[in-house]
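Bear in mind that the values in this text are calculations on the coordinates, not laboratory data. Just so we're clear, the structure is a prediction, and the values are computed from it rather than from any experiment. Virtual Cβ from ideal backbone geometry, glycine too; neighbours counted across all protein chains shown.
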Amino acid sequence: MKTINMIWIVLLIVVCSSCEGFLDVEPSNAGDANTSIKTAADAQVVINGLMRRMTHQYYYGRNFVMYGDAKGGDLTIFSQGRGLDALYTFNHTQSANNYGTYWSHLYEGILQMNNLLENIEKLEQEGTIEDFDNAKGRALTARALIYFDLVRLYGKAYTDDKASYGVPNVTEPLEDTAQPLRASVEENYMQILADLTTAAPLLSKQKSNGYMNYYANKALQARVHLYMGHHAEALSAAEEIINDGVYSLYANNAWVDSWKTQFGTESIFELGIFPNEGDLGSGSLGFYLRRRGDSPTAAGWFMASDYFLDRLGEDEDDVRWGVMAQDESETPRLGSCYKYSGSVALEGDGKPENSTAVNIKVIRLSEIYLIAAEAALPTNPAAAAGYLNEIRKRSPNLLPATAATITLDMILDERGKELFAEGHRFFDMIRLNKSITFNDDFAGISIPHREKTIDRSFYKTILPISQGEIDANPGIESQQNPGY
């Protein structure tokens with residue numbers, strides 16, 4: 001997909017109510033986007049379109065998840081040139097390998113939600129009897145998630161320099177001549193929290209497979225507050241989810257099979273991906289993480305680093321070995337991850353004859369326990385140990401953590417093992433100001449664009465604003481990220 005600048009995004013969203021085929025079902029009064037949304041059913045069509053957009057290869061369908069792991073030190077590559085290896089090598093400039101599709105694709109989703117929210121507001125001002133609460137709650141929560149992802153890609157960590165540039169805060173449809181400039185990281189986070197706080201009471205607490213509900217909103221609040229270093233707020237949100245008991249952790253003997261299950265007991269927000277509708281085939285996460293030649297076009301793009309395997313290898317009976325299989329190296333090495341294939345036998349998750357169409361589990365309950373552990377640690381290490389042990393028990397031969405033994409590094413290691421290949425590791429290391437060491441010597445690859453070990457002071461830990469966006473919006477040139 002070619003780069004789409006902010007002006008053309010506005011035209012796509014405001015002038016046309018569909019984009020890339022996401023809104024295939026016409027609203028009840030199809031026509032101008034500003035008048036076509038009349039009912040809650042029409043609003044749901046737009047929400048459906050956004051969920052479909054989130055499964056795109058530029059977002060949770062592949063690239064965003066790969067970004068969070070390829071850069072985090074827990075993945076390595078066997079050979080360059082297979083695809084997305086610039087994420088691992090940090091070979092980014094403002095005109096090459098800038099991954100500008102993150103910017104364009106995610107802003108298209110934001111502007112889609114802005115248009116929906118404005119139309120709902122107009123209808124409510126006119127006295128409509130339709131109940132749009134759920135649609136508004138979902139739209140605001142989705143906008144918050146997208147902004148959270150954008151500011152992590154293009155801005156420094158909130159705990160590093162919240163006054164530095166984030167991304168433009170766009171909360172309403174724009175005129176076609178608009179050229180919004182970057183807000184600060186802090187302003188982005190304030191908008192994210194405002195959206196989440198406004199949305200929460202509008203959302204149902206009932207499970208809603210494939211969509212955001214009240215608990216997905218609370219899970220995002222927990223995640224965002226953790227990234228901000230707001231431990232009390234993160235703990236409060238996490239404990240509400242845990243204590244309400246709507247979701248439950250898998251027992252050890254069920255964890256491996258959970259990856260071939262749609263909308264299981266741990267899934268707080270899971271994106272449905274279906275054959276012939278967003279199934280990325282050989283461009284999917286499953287193919288990017290399988291062993292080279294498996295089924296049969298997988299190219300073995302990424303595999304686990306020695307460092308990750310050493311941590312998982314602390315317990316040979318860790319249940320999470322069950323989604324790992326032999327990679328392409330000659331020695332016995334379970335470096336290929338099959339979470340997104342359903343199982344090492346390519347069973348998928350119940351969709352007929354299509355093992356690549358596996359749902360993406362964006363937020364799982366296990367992450368919420370790990371958030372609770374980290375958030376409780378500074379003030380209540382005993383509670384932190386209790387939350388951590390609920391996940392640590394997946395390594396049955398390791399001693400449980402106690403108030404005296406638990407550390408932040410222990411929690412971080414458990415996050416790495418539990419959330420491997422789910423897009424978290426890099427962002428965790430950056431927000432906690434940890435050094436990232438890459439397993440470049442695994443295949444003897446030469447990496448000229450970064451050192452073997454980096455930390456968040458390295459300028460390429462955030463992406464450049466692409467040259468295409470600068471050409472379309474010259475004012476943003478002076479706000480380019482340092483170093484590019």
Relative exposure of Asp42, Asp294, judged by other C-beta atoms within 10 Å (fewest first):
Asp294, Asp42
State which entries of Lys162/Lys460; Lys71/Lys260; Lys260/Lys361 exceed 21 angstrom in Cα-Cα distance in the structure shown.
Lys71/Lys260
For Lys417, the net charge from surrounding residues (Cβ-Cβ under 10 Å; K, R +1; D, E -1) works out to -2
Segment 60-142 pair-distance distribution - Cα-Cα, 5 Å bins, rounded %
3, 12, 17, 16, 12, 9, 9, 8, 7, 5, 3, 1, 0
Normalise the Cα radius of gyration of segment 384-430 by 2.2 N^0.38 Å (N = residues in it) and let me know the number.
1.15
Quick check: the angle from helix 133-154's long axis to the longest principal axis of the chain, C-alpha only, nearest 10 degrees?
60
Whole-number D in µm² s⁻¹ for the chain, Kirkwood Cα-pair radius fed into Stokes-Einstein, 25 °C, 0.890 mPa s:
107
Got a sec? Which residues in segment 43-75 would a label at Arg82 touch, if it sits 7 Å along Cα→Cβ and we count backbone N under 13 Å?
75
So the label point goes 7 Å from the Cα of Asn243 along Cα→C-beta, right? Which residues of segment 217-237 then have their backbone N under 16 Å from it?
218-219, 222, 232-237
Exposure proxy ranking, count of Cβ atoms within 10 Å, fewest first, for Phe302, Phe269, Phe426:
Phe426, Phe269, Phe302
Built amide H within the under 5 Å cut-off of Ile268, gap 5+
Ile363, Arg364, Leu365
Of the DSSP beta bridges with both residues in the chain, give the percent that are antiparallel, rounding to the nearest 5.
90
Along each principal axis, Cα extent of segment 264-378, largest first, Å:
48, 37, 21
For Ser204 and Glu451 in the same chain, what is the full-extension length gain: residue separation times 0.36 nm, less their Cα-Cα distance, in nm?
84.2 nm
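Rounded, prolate or oblate, given the Cα gyration tensor of segment 339-484, with a/c below 1.5 counting as rounded? Please report the intermediate quantities before stating the final value.
Working: a/c = 1.88, a/b = 1.33, b/c = 1.42.
Cα axes put segment 339-484 in the oblate bin.
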Taking R0 as 60 Å and r as the Cβ-Cβ distance between Asp471 and Ser236, the FRET efficiency 1/(1 + (r/R0)^6), rounded to the nearest 0.05, comes to 0.85
Using the alpha-carbon atoms, what tilt in degrees (0 to 90, nearest 10) does helix 231-244 show relative to the longest principal axis of the chain?
90
Taking Glu316, Glu390 and counting other beta carbon atoms within 10 angstrom, the fewest-first order is Glu316, Glu390
Degrees between helix 408-418 axis and first principal axis of the chain (Cα, 0 to 90, nearest 10):
80
Each residue of segment 327-344 in turn: what ³J(HN,Hα) in whole Hz from Karplus with 6.51, -1.76, 1.60 and θ = phi - 60°, glycine and Pro shown as x?
8, 7, 5, 6, 7, x, 7, 8, x, 9, 9, 10, 4, 8, 10, x, 6, 5
Would you compute, from DSSP H runs of 4+ residues alone, the mean residue ellipticity of the chain at 222 nm, taking -39500 (n - 2.57) per run and dividing by the full residue count, rounded to the nearest 500?
-12000 deg cm²/dmol
Convert each backbone phi in segment 430-435 into a coupling constant with the Karplus relation 6.51 cos²θ - 1.76 cosθ + 1.60 (shift: θ = phi - 60°), then list the ³J(HN,Hα) values in order as whole Hz, x for Gly and Pro.
6, 5, 8, 6, 9, 6
